[in-house]
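Nothing in this text is a laboratory measurement; each read-out follows from the coordinates by a stated rule. Note that the coordinates shown come from a computational prediction; the quantities given were computed from them, not determined experimentally. Note: ideal-geometry Cβ built from the backbone for every residue, glycine included; neighbour counts use all protein chains shown.
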Amino acid sequence: MSTQISVPAARKEPQAPSKFSLAVKMLSMPLLLLGFAAFMVISMLGMEVSDNVDFPGPRFFPAVIAGGMIILGLVDLAMVLRQLRQPVTAHSVQNTTFRDGDPADEVHEDAVSKLDLFSLVWCLVGFIVFTFALNFLGWILAAGLLFWCVAHAFGAKRHLHSAVVGLTLSSLTYLAFSLGLGLPLPTGFLGGVL
């Protein structure tokens, strides 16, 4: 009788991702944020506002939001550029945790440098649907749907909860702009109810 003893395979250490793939992954968020901020500034400057509009006016809140996005984008960009100056080693990515909760040292080494396409696609599709459906659905439903898409992209498991939170926040935003500031947001097919 012979007994076979299986020896577990040696665990491979994760390899360091290439500098280029790490730079693309890390720079995507600050550049996307700065791109949206530039879009908001260009759109805000293209608004036709009459001379008799009192402060704060329709350009004030887009300016505050665009300014905040520019500040956050520049801070994030500075942090990323500082991190990219550091040498990239397999050890430097071991503390990374992916969306599914697996630490980087327990996943295949190729997954360390991959962009999370699932999250990116859900965010982009949500934004595109929001953009094209805003006039038809109205602010409350379109913004609630956008919130749900982004929550799903970030790994939210309770979909009904995300939808309720998104609809609540979009309703509060609608009330704040419509009643508080006198700036009407699109009502969509709910226009007769609201």
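Couple of notes before you dig in:
- Rg and Dmax of the range 116-194, Cα atoms only, in Å: 13.1, 41
- Inter-site label distance for Phe132 and Phe61 at 7 Å from Cα along Cβ, in nm: 2.7
- Stretching the chain fully between Lys25 and Ser43 yields a gain of 3.7 nm (0.36 nm per residue, less the alpha carbon separation).
- Centre-to-centre separation between the Cα atoms of the range 123-158 and those of the range 40-83: 22 Å.
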